[in-house]
Amino acid sequence: MRSFILGTDWGEDVDDCLAVRILLRAHKKGEIDLLGVGINTRTELSCSSLYAFMENEGVIVPIGIDKTSDCQVQNISYQKILAPLAPPSMTNDHFEDAVRLYRRLIAQAKGKVEILEIGFMQVINGALMSGADDISPKTGLELFSEKVERVWSMGGKWDQQGGLEYNYSKYPFTREGAHSFVKNCPVPITFLGWEIGSGVITGGSASDDDILARALIAWGGEKGRESWDPMLAHLALCGSPELAGYDCVNGRASVDSDGKNYFEIGNGPHQYVTKAKPDSYYINEINNLVK
Ligand SMILES: [Ca+2]
């Protein structure tokens, strides 16, 4: 069975809720092993709201959080709805540091691990650049080389050289994380860029008593939300661009220190996807996975 770790900027945008649901459901059905979820943003309600969302899905997996993240989440509306459903007095302090979680899950995995990133890159980069510690005598680079099969990243804007996208450019620490990770990662990365999910609206068909609908409404997405993150989850679960309805462009990607992305087509460890089907195809696929 394929094993996954998920990194999310939980709380920033509501499309993360759709992606988390898709992965939790696949885990619950025994289709994948979701080893854990690392949160790369930080509010007082981060971990408790994610825990409550998992509990509502009927499956809890380990949660970690970047305890030093200084992002300023503007709209925590769905965290406010979810957090009161968590056990009383649960705080971020009850959860592991996200870089340690990544190291531990990768080191302890029996086989290969795939990592999905639907938010900022400082945690996965922190894990990659980490040194030996009490978890493992191996460096992050050694752990990734030996145990990580592939990274799936929602980020970048690949229909133009110098594209600028939120996850890779929002804050100085996200720019540095994306720049370093794409440069140093020793295993293949598949990118799904901003241009893929833009305008593809999903989630609006969730019934009113569904916690997902309540999260969408709280956030301001009554009719659904653009599908960056659930499209990456769907792509990763399918396991290849072709099976998920995409073509791909192969080569070598880079992200500069300003967060702008570039791509050199040819032989290389990277690929970004382009749509091979009309938007209605992806909308149906994702709505079926989250309804
Ligand atoms: Ca996200």
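Which of the residues that make up the range 206-260 are touching a Pro at 6+ places or on another chain (Cβ under 8 Å) and outside any strand (DSSP E or B)?
235, the sole residue that qualifies.
Given the criteria buried (at least 23 other Cβ atoms within 10 Å of the Cβ) and either outside any loop (DSSP other than H, G, I, E, B) or touching a strand residue (DSSP E or B) at 6+ places or on another chain (Cβ under 9 Å) (or both), does residue 173 qualify? Explain how you work it out, then say what you get.
Details: buried (at least 23 other Cβ atoms within 10 Å of the Cβ): no; either outside any loop (DSSP other than H, G, I, E, B) or touching a strand residue (DSSP E or B) at 6+ places or on another chain (Cβ under 9 Å) (or both): yes.
No; evaluated as a whole, the condition is false for this residue.
Restricting to the range 107-125, count the residues that are more than 16 Å from the ligand (Cβ to nearest atom), closer than 29 Å to residue 260 by Cα and touching a residue at least 60 places away in the same chain (Cβ under 8 Å). It would help to see each step written out before you state the result.
Just the residues of the range 107-125 that are more than 16 Å from the ligand (Cβ to nearest atom), to begin with: 107-114, 125.
Keeping just the survivors that are closer than 29 Å to residue 260 by Cα gives 113-114, 125.
Those left that are additionally touching a residue at least 60 places away in the same chain (Cβ under 8 Å): 113-114.
Residues meeting the conditions: 2.
Please give the number of the condition residue 183 fails out of (1) more than 15 Å from the ligand (Cβ to nearest atom); (2) buried (at least 17 other Cβ atoms within 10 Å of the Cβ); (3) farther than 23 Å from residue 32 by Cα.
(2)
Do you know which of the residues in the range 1-17 that are within 10 Å of the ligand (Cβ to nearest atom) and either over 29 Å from residue 172 (Cα atoms) or not charged (D, E, K, R) (or both) is surrounded by the fewest Cβ atoms within 10 Å (Cβ to Cβ)?
14
Look through 36, 30 and report the one residue that is of a type outside the set (D, E, K, R), assigned to a loop (DSSP other than H, G, I, E, B), within 23 Å of residue 230 (Cβ to Cβ) and away from the ligand (no atom under 16 Å from the Cβ). Step through it out loud before you land on a result.
Numbers: 36 fails: assigned to a loop (DSSP other than H, G, I, E, B).
That would be 30, the only listed residue that is of a type outside the set (D, E, K, R), assigned to a loop (DSSP other than H, G, I, E, B), within 23 Å of residue 230 (Cβ to Cβ) and away from the ligand (no atom under 16 Å from the Cβ).
Does residue 194 meet the test of being modelled with pLDDT of 95 or more, surrounded by fewer than 22 Cβ atoms within 10 Å (Cβ to Cβ), within 17 Å of residue 235 (Cα to Cα) and under 20 Å from the mean Cα position of the chain (by Cα)?
Working: modelled with pLDDT of 95 or more: yes; surrounded by fewer than 22 Cβ atoms within 10 Å (Cβ to Cβ): yes; within 17 Å of residue 235 (Cα to Cα): yes; under 20 Å from the mean Cα position of the chain (by Cα): yes.
Here the answer is yes, as residue 194 does meet what is asked.
The values are calculated or read from the model by the stated rules, or taken from the named source; none is laboratory data. Source: prediction; values computed, not measured. In this analysis, Cβ positions are derived from the backbone assuming ideal geometry, glycine residues included, and neighbour counts consider all displayed protein chains.
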